[in-house]
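No lab work stands behind these numbers, since they all come straight from the coordinates. On a predicted model such as this, the values are computed, not experimentally measured, just so you know. Here Cβ is always computed from backbone atoms with ideal geometry, including for glycine, and neighbour counts include all displayed protein chains.
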Amino acid sequence: MTTENTEIDQEIDDVTLENNANGEQIIIEELSLEEQLTQDLAKEKDKYLRLFAEFENYKRRTTKERIDLFKTANQEVLLAMLPVLDDFDRALVEINKSDDELLTKGVELIHEKLKNTLVSKGLEQVEVKAGDAFDADFAEAITQIPAPKMKGKIVDVLEKGYKLGDKIIRFPKVVIGQ
């Protein structure tokens, strides 16, 4: 009887009886101190790993945002300079019609210097030309003209487009065939 009683007493030590809301007795097993500490450690370890992963994602995201910010920091200034570059392009076309070689050479030098400065700041021209297939992701159609042989293709480029890094900051304005 002692052996049976000892085993039953040990089982009773590991089990607690409680009454639920209906007054029925339910059995709740109590964990040993070691098991409880193991579970608590596992919970804390999981919380730590989640927090560490969240922090790594935060660092990666802020680093990417900072790089993107540096890439596009000059965007407003470059956008303001694009009309000046366009004016230089138009001026070169008109000056090349004159016979004054010194004037042509001087304007070309200033134009190249401005262009090289803008390129060094990350500005790139979006390459589209007459005959290319029209893609609304890379060009803006200003108008369509009847051109059976050029249907869906670029007929003329009215204004050059530019990008800063991978982002297009001004779409080329084109005329497409209909």
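Dipole size in debye (nearest 20) for the range 125-178 around its Cα centre, Lys and Arg Cβ +1, Asp and Glu Cβ -1? If you can, show how the numbers build up before the last one.
On the way: 9 positive and 8 negative charges, 23 e Å.
It comes to approximately 100 debye.
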* Setting aside same-chain residues fewer than 8 positions from LYS71, which lysines have a Cα under 23 Å from its Cα? -> LYS59, LYS113, LYS115, LYS121, LYS160, LYS163, LYS167
